[in-house]
Amino acid sequence: METTIRDVIRTTGRTIVHSVTPDSTVMQALNLMAEHNIGAVLVMESSGALAGVFSERDFARAAARGGGVAGETPVRDLMTAELYTVRPEQTVQECMLFVTERRVRHLPVTDDEGRLVGLVSIGDLVKAAIAEKEYLIAEKQALISRLQDYISGTIV
């Protein structure tokens with residue numbers, strides 16, 4: 001049983017994606033993130049096209065550079081514009097490798113037509129990978145138990 005991104009979205013309910021526009025202020029984005037207890041928002045053009053992602057990490061890096069990040073700074077000035085997207089049919093393991101190699105924490109999920117259908121975070125992927133491993137362990141333990149019962153003659 002390989003868990004797919006479609007399964008993750010179904011489980012986490014991440015079809016609701018919070019977003020801002022490139023012209024939104026940093027304060028608007030931070031308030032939205034705080035309101036929904038999330039670490040990032042997608043940055044969407046008015047046409048619906050993905051423009052980037054704005055995360056707590058983007059804000060922290062800008063602040064650490066000492067650039068005097070003000071709440072009125074447009075998100076476009078701090079967002080990560082280089083986006084990596086995944087498809088619903090990709091596996092959690094594929095995406096775990098992807099986020100590790102690319103050093104990203106959020107992956108927009110797009111369908112065959114390139115439309116946004118969800119967003120998964122590295123945390124979502126880790127939880128799904130752990131659940132998959134726990135399921136496999138339980139399956140193996142059940143098989144071992146059945147084999148032991150068979151060998152001991154409990155099951156004919």
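Read-outs: derived from the displayed coordinates by stated rules, not from any lab. Keep in mind that this is a model prediction, so the values were computed, not measured. Quick reminder, even Gly has a Cβ in these numbers, built from the backbone with ideal geometry, and neighbours come from all protein chains shown.
When the helices in the chain are scored as -39500 (n - 2.57) per DSSP H run of 4 or longer and the sum is shared across all residues, what 222 nm value do you end up with, to the nearest 500 deg cm²/dmol?
-14500 deg cm²/dmol
Sticking to Cα atoms, compute the Rg of region 11-82 to one decimal and its Dmax as the biggest Cα-Cα distance, whole number, in Å.
Using the Cα atoms of region 11-82, the pair Rg, Dmax is 11.9, 40 Å.
Please give the FRET efficiency for THR11 paired with ALA70, using the beta carbon to beta carbon distance and R0 = 30 Å, rounded to the nearest 0.05.
0.20
How far is the Cα center of region 80-156 from the Cα center of region 6-71, in Å?
Result: 25 Å between the Cα centres.
State, as an integer percentage, the relative contact order of region 101-156 based on alpha-carbon contacts under 8 Å between residues 6 or more apart.
Computed value for region 101-156: 19 percent relative contact order.
Can you give the direction-averaged projected area of the convex hull of the alpha-carbon atoms in region 80-156, in nm²?
7.3
Would you kindly state how much longer the chain becomes between ASP23 and GLN93 on full extension, computed as 0.36 nm times their sequence separation minus their alpha carbon distance, in nm to one decimal?
This chain segment gains 21.7 nm when fully extended.
Order of 112-120, 90-98 by packing, highest average Cβ count within 10 Å first?
With the highest mean Cβ count within 10 Å placed first, the list reads 90-98, 112-120.
Please list, in chain and number order, the residues 5+ apart from VAL120 or on another chain whose amide H is under 5 Å from its amide H, with Hs placed from the backbone.
So VAL120 has HN proximity to LEU107, VAL109.
Students often check this: by mean Cβ neighbours within 10 Å, which of 53-62, 122-131, 32-41 ranks highest, and how do the rest follow?
For the peptides 53-62, 122-131, 32-41, the packing ranking is 53-62, 122-131, 32-41.
Grab every C-alpha pair in the chain, bin the distances at 5 angstrom width from 0 up to the longest one, and report whole percents.
2, 9, 16, 17, 16, 11, 8, 6, 4, 3, 3, 2, 2, 1, 0, 0
Mean separation of Cα pairs under 8 Å and 6+ residues apart, divided by the residue count of the chain: what relative contact order is that in percent?
Answer for the chain is 25 percent.
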